[in-house]
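For reference, the structure discussed in these notes is given below.
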Amino acid sequence: MTETCCRSFSEEQYRDLDKVIAQYQGKPGGLIPVLHQAQLIFGYLPKEIQIRVAEGLNVPLSEVYGVVTFYSFFSQQPRGKHTIGVCLGTACYVKGAADIVEALEEELEIKVGETTANGDFTLMVTRCVGACGLAPVLTVGEDVYGRLTADKIPEVLKHYQKTEA
Amino acid sequence: MKLYRAHVLVCGGAGCLSTGCKAVLDRFTDEIKAHNLEEEVHVVETGCIGTCDLGPVIVIYPEGIFYKEVTPDDVKEIVEEHLLKGRLVTRLLYERPVSGGQIPFYNEIDFFRKQKRIALRNVGMINPEVIEEYIARDGYIALGKVLTQYTPEQVIQVIKDSGLRGRGGAGFPTGLKWEFTMKAPGEEKYVVCNADEGDPGAFMDRSVLEGDPHSVIEAMAIAGYAVGASQGYVYVRAEYPLAVQRLENAIEKARAFGMLGKNILGTAFSFDLEIRVGAGAFVCGEETALLASLEGKRGEPRPKPPFPASQGLWGKPTLINNVETFANIPAIINQGADWFRQIGTKNSPGTKVFALAGKVNNTGLVEVPMGVTLREIIFELGGGIPNHKRFKAAQTGGPSGGCLTEKDLDQPIDYESLVAAGSMMGSGGLIVMDEDNCMVDVARFFLEFTQDESCGKCTPCRIGTKRMLEILIRITQGKGEEKDLELLEELAQTIKNTALCGLGQSAPNPVLSTIQNFRDEYLAHIRDKKCPAKVCRALLQYTISSELCRGCGICARECPEKAISGEPKEPYFINQEACIKCGVCIEKCPFDAISLI
Ligand SMILES: Cc1cc2nc3c(=O)[nH]c(=O)nc-3n(C[C@H](O)[C@H](O)[C@H](O)COP(=O)(O)O)c2cc1C
Ligand code: SF4
Ligand code: SF4
Ligand code: FES
Ligand code: FES
C-alpha cells in the first residue's frame, strides 16, 4: 500500500483508484474503463499504477502493459497542465493543419509529443475531433478552436497562460 | 406539452460550441425573461443543425428563419425585432456563396433544401437531453410497435425488405446480418453499436449521438428483440466526450421511462445498454478489433470467419452495426420497408449522411438520397469551391477509399458506383480538394495515417505500407524514379491480397487511385522535380523576378542563411544551394518580386 516510490500521489488518489477497481472487479472487459479512470485520477499511467490495476483486477501485468502501450490515448509520461491536440485529420490537413503544427512548435519551442519546460503545455496531434466543418481545428483539453490560422495561435495560448499566472 | 407561439433553436453541436453558442443560448434565456416572453417563446438547445462553419447558428420557428454567426450581442435585437415585431434581422441572414443574395428561410437554402433527412430526422430539431422531445416526434413508437405486434422474424423481414445496407463502410445488407445473428445458436447474444468513427474528416455518427441519441438507443433495443439479446454496448471513441455525455444522459432517461431495463414497456423483453469508450486506435473501428477492445484487450483484428454474428463478444453471437445504420431503423419500422425503398437507388435504398469538408463553401453535414451526384453535393448543397479555385478531387472512404475527379461529378452515388470509380462509400467523409492540393502529398498523408495506425499484427500491413510510404516520401522530395510507380503498384497489390484485416487490405487504395487519376502529377514530381500544386516544399524554388526587383537589398539582409546577393539597384539572386526555404524573403520584399515556382 505504501510503496509510493517516486511520485507524490495522495492517499486520496489511491483510494479513488481502488474504488474504481472495486466497481469493475470480476466484470469482464473492465480493464480499459479502469485505465481511463486511472488516467483521469493520476494524469498518466506510470508503472506503479499499472501494477496496482493489474493486482486489483487480477490480470497479468504484461496484459495491462500491452493494453497501455497499444492505445495512443494512454500515456506513461506525465503531461503538461494543458494538452494541446492539433487535428491532423484529412479535412484539417487539406486546409493547412501542418502550418498550425509548425506555428505551435515554434511558439512553444517544443516538438510534437513534448511538454514545455514550465509544464504548462503538452503538444500532441490527433486524428479528427469531429469538428471538420471548422477545419483546421485544435483542442486544448476539452475546448475546441476552429477556423485557425497560424497567426491566431498566440491568442489561443494566451487564454491558458493567463489563468496560470 | 405546452404550446408556444415561437421556438428558437440554438445549435449546441460541437462546431457551434467552439464558436460560442453557449453564451448565445444564455443570452436568449435572459432576454426572453427580460421581455416577459417565457410563456410564449421556447428556447431549445439542439444538436448540430448542419452548417457548422456558419456557427453559432439558430433557427426560429414557426417561420423557419435561419440566422448565422450569431453573437450574444445580437440576441437583444433578435428578440426585440424578430420575436416582438416580426421583422427580420437581415444582417444575420444566410448569403449565397457564389451568386449572392440573402435567403431567410431555412428550407430554401440549397444546403438544406436538397436534403432528405431520415437518419438525421431529429438532429438539430430537438433537445437531445429531453426524452419528451424525442417522444413527441414519434420516438419509441417503433419499439412499442415491435414489442407488441411483431415477432422477431417479422422485424427482420421488414429490415430485409427495406434493403437497408450498413452505413459503416462495407454496405452489407443489415437485415441479413440480423438474421444470421438471430439464427446463430446460443442463449446469450449481444448487440454492439460501432461509434468509433475513425475516418479522419467524418463526423456523421458524432452528430447523431450528440443530436439524437435516443434514435440509436431505440434501434438497439429493437435489434436486441430481433436477434435475442438482452445486453448491448455502444463503443464510442475517446475523442467524443460530448457524445458520451449526451448518450449517458439519454440512457438514464430511457431507463427511467421504461424503454431500457427489465420488462420494457411492460412486456417480457428486457434489454440494457452500456457505453464503452475507446482509447485512440483507428483499427478498433474494424469489428473484430472493436470486440477485442470491448473485452478489455489490445484492439487487434482477427481473421474472419468466424464472423461476429456467430462468434463475437466473448465468443457469443454478436450483432454489430454502425450508428447511422441504427438511426435509420425506427424510421423504417414506423414508415415501412416500401417507403424506404422509394428513396435512393434500387441497390442502395435510402439516404446517406456525408460530412462535407475541405475546400468547399458550405461545410457541414448533409443527408441526401443515394443516387444524387457528386456535382449536386459539392456545387449545389456545398455552394462550390471557395475563392474561385478549381475543383480537383473529392476523397471518399477516408484512408481506405480513393479520390473522385471531374469525370465522376455526374455519376449517381451509391455503393457500387463509387467502387466502380475506384473509391468507396466508406462511412461518409467527403473531403473536397482544389487546385492547391497536391495529390501525391495527399496519398502520402493517407499512407502515413495507415502506417501510424497499423496494429502491427501482420507483416504486409506493417512492413508493406512502410515501404510504400518511404517511396512516396522520396517522390515528394524530388528523389523519385520512374520505376517507383510500378513498384508502388506492385506493393499495393501484395498488401491488398495478403493483409489480415480491412485496414491493411485497403491502405493502398488512396495511392492507387491517385496514381490512376493523377499520373501526370506524379510524373511531374519524378521527372521534372516539380510540384504543380506547390505543396511539396523540397521541390519549390524561391526566385527573384529580374523585372520586378528594384535591387533594394532588403531580402538579402533578412535572409537568415545569407543566400541572397546582388548589387544595389540591380536584380538580386538567390543561391538555391544555400536557400533553406524559410520564406522570409517573400514576406519582406516590398515589391512582390519574389515568388515560389
Ligand atoms: C480499418 C477499419 C476501420 C473501420 N472503422 C469503422 C468505423 O469507424 N465505424 C464503423 O461503423 N465501421 C467501421 N468499420 C467497419 C466495421 O468493421 C463494420 O463493418 C461495421 O461496423 C458494420 O456495421 P454496418 O453493417 O452497420 O456498417 C471499419 C472497418 C475497417 C476495416
Ligand atoms: S492489416 Fe494491419 S491493422 Fe489489420 S491486422 Fe494486419 S497489421 Fe493489423
Ligand atoms: S527585397 Fe525584393 S526588390 Fe529588394 S532586392 Fe530583394 S527581391 Fe529585389
Ligand atoms: S479532420 Fe480535423 S476535425 Fe475532422
Ligand atoms: S455544430 Fe452547429 S451547425 Fe454543426
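Looking at (1) more than 30 Å from A:K95 (Cβ to Cβ); (2) within 16 Å of ligand 5 (Cβ to nearest atom); (3) not basic (K, R), can you tell me which one B:G344 breaks?
Result: B:G344 fails condition (2) only.
Select from the range B:500-550 the residues that are in contact with a Ser or Thr (Cβ under 9 Å, 6 or more places away or on another chain) and within 16 Å of ligand 2 (Cβ to nearest atom) and list them in ascending order.
Once the filter is applied, which keeps residues that are in contact with a Ser or Thr (Cβ under 9 Å, 6 or more places away or on another chain) and within 16 Å of ligand 2 (Cβ to nearest atom), the range B:500-550 yields B:C501, B:G502, B:L503, B:G504, B:Q505, B:S506, B:A507, B:P508, B:N509, B:P510.
What are the residues in the range A:79-103 that are closer than 19 Å to B:T396 by Cα and of a type in the set (K, R), if any?
Within the range A:79-103, just A:K95 meets the criteria.
Which of the residues that make up the range A:51-69 are within 14 Å of chain B (Cβ to nearest Cβ) and of a type outside the set (A, V, I, L, M)? Outline the logic, then answer.
Filtering the range A:51-69 for residues within 14 Å of chain B (Cβ to nearest Cβ) gives A:53-54, A:56-60, A:62-69.
Matches in the range A:51-69: A:G56, A:N58, A:P60, A:S62, A:E63, A:Y65, A:G66, A:T69.
Name the residues in the range B:21-51 that are open to solvent by 10 Å² or more (accessible area, probe 1.4 Å), within 14 Å of chain A (Cβ to nearest Cβ) and under 26 Å from B:R117 (Cβ atoms), would you?
Here is the first cut: in the range B:21-51, the ones open to solvent by 10 Å² or more (accessible area, probe 1.4 Å) are B:22-23, B:25-27, B:29-31, B:33-36, B:38-40, B:42-43, B:45, B:48.
Within this subset, residues satisfying the condition of being within 14 Å of chain A (Cβ to nearest Cβ) are B:22-23, B:48.
Result: B:K22, B:C48.
Being within 16 Å of ligand 1 (Cβ to nearest atom), among the small types (G, A, S) and within 14 Å of chain A (Cβ to nearest Cβ) is true for just one of B:G456, B:G502. Which residue is that? Walk me through it before giving the result.
Numbers: B:G502 fails: within 14 Å of chain A (Cβ to nearest Cβ).
The unique qualifying residue is B:G456.
Here is a check on your reading of the model: is A:I49 open to solvent by less than 20 Å² (accessible area, probe 1.4 Å), over 30 Å from B:I431 (Cβ atoms) and among the β-branched types (V, I, T)? Step through it out loud before you land on a result.
Details: open to solvent by less than 20 Å² (accessible area, probe 1.4 Å): yes; over 30 Å from B:I431 (Cβ atoms): yes; among the β-branched types (V, I, T): yes.
When the stated conditions are applied, A:I49 passes them.
Going by the structure shown, is B:V57 buried (at least 24 other Cβ atoms within 10 Å of the Cβ), within 14 Å of chain A (Cβ to nearest Cβ) and more than 16 Å from ligand 1 (Cβ to nearest atom)? Give the derivation first.
Values: buried (at least 24 other Cβ atoms within 10 Å of the Cβ): yes; within 14 Å of chain A (Cβ to nearest Cβ): yes; more than 16 Å from ligand 1 (Cβ to nearest atom): yes.
Answer is yes for this residue.
I need every pair where a residue in the range B:180-205 that is within 9 Å of chain A (Cβ to nearest Cβ) has its Cβ under 6 Å from the Cβ of a residue that is in a helix (DSSP H, G or I) and open to solvent by 20 Å² or more (accessible area, probe 1.4 Å), sequence separation at least 6 or different chains.
So the pair list comes out as B:G198/B:F282; B:G198/B:G285.
Criterion first (at pLDDT 95 or above and within 19 Å of B:I332 (Cβ to Cβ)) does B:V155 satisfy it? Talk me through it step by step, then tell me what you get.
Details: at pLDDT 95 or above: yes; within 19 Å of B:I332 (Cβ to Cβ): yes.
Taking the combined requirement at face value, the residue satisfies it.
Answer yes if at least one residue in the range B:70-79 is aliphatic (A, V, I, L, M), open to solvent by less than 20 Å² (accessible area, probe 1.4 Å) and either within 16 Å of ligand 1 (Cβ to nearest atom) or in contact with a His (Cβ under 7 Å, 6 or more places away or on another chain) (or both), and no otherwise. Lay out the reasoning, then the answer.
So the first thing to find is which residues in the range B:70-79 are aliphatic (A, V, I, L, M), and the list is B:70, B:75, B:78-79.
Still in the running and open to solvent by less than 20 Å² (accessible area, probe 1.4 Å): B:70, B:75, B:78-79.
Filter again for either within 16 Å of ligand 1 (Cβ to nearest atom) or in contact with a His (Cβ under 7 Å, 6 or more places away or on another chain) (or both), leaving B:79.
There is at least one residue in the range B:70-79 that is aliphatic (A, V, I, L, M), open to solvent by less than 20 Å² (accessible area, probe 1.4 Å) and either within 16 Å of ligand 1 (Cβ to nearest atom) or in contact with a His (Cβ under 7 Å, 6 or more places away or on another chain) (or both).
Would you check if B:L209 is touching a residue at least 40 places away in the same chain (Cβ under 8 Å), in a helix (DSSP H, G or I), within 16 Å of ligand 4 (Cβ to nearest atom) and open to solvent by less than 10 Å² (accessible area, probe 1.4 Å)? If you could, list the steps in order and put the result at the bottom.
Details: touching a residue at least 40 places away in the same chain (Cβ under 8 Å): yes; in a helix (DSSP H, G or I): yes; within 16 Å of ligand 4 (Cβ to nearest atom): yes; open to solvent by less than 10 Å² (accessible area, probe 1.4 Å): yes.
When the stated conditions are applied, B:L209 passes them.
Looking at the range B:293-352, which of the residues that are within 23 Å of B:D199 (Cα to Cα) and of a type in the set (K, R) is nearest to the other protein chains (Cβ to nearest Cβ)?
Only one residue tops the list, namely B:R298.
Only one of these conditions is not met by A:S72: (1) in contact (Cβ under 8 Å) with a residue 40 or more places away in the chain; (2) at the interface with chain B (Cβ under 9 Å from one of its Cβ atoms). Which number is it?
So A:S72 meets the others, but not (1).
Would you call B:T51 touching a residue at least 60 places away in the same chain (Cβ under 8 Å) and in contact with a strand residue (DSSP E or B) (Cβ under 8 Å, 6 or more places away or on another chain)? I'd like the intermediate steps shown before the answer.
On the way: touching a residue at least 60 places away in the same chain (Cβ under 8 Å): yes; in contact with a strand residue (DSSP E or B) (Cβ under 8 Å, 6 or more places away or on another chain): yes.
Judged against the criteria, B:T51 is a match.
The values are calculated or read from the model by the stated rules, or taken from the named source; none is laboratory data. For clarity, every value in this text was computed on a predicted model and none was experimentally measured. All Cβ positions, glycine included, derive from the backbone under ideal geometry; neighbour counts span all protein chains shown. Just the protein is used for accessible areas: all its heavy atoms, side chains included, with ligands, DNA and RNA removed. Shrake-Rupley method; radii C 1.70, N 1.55, O 1.52, S 1.80 Å.
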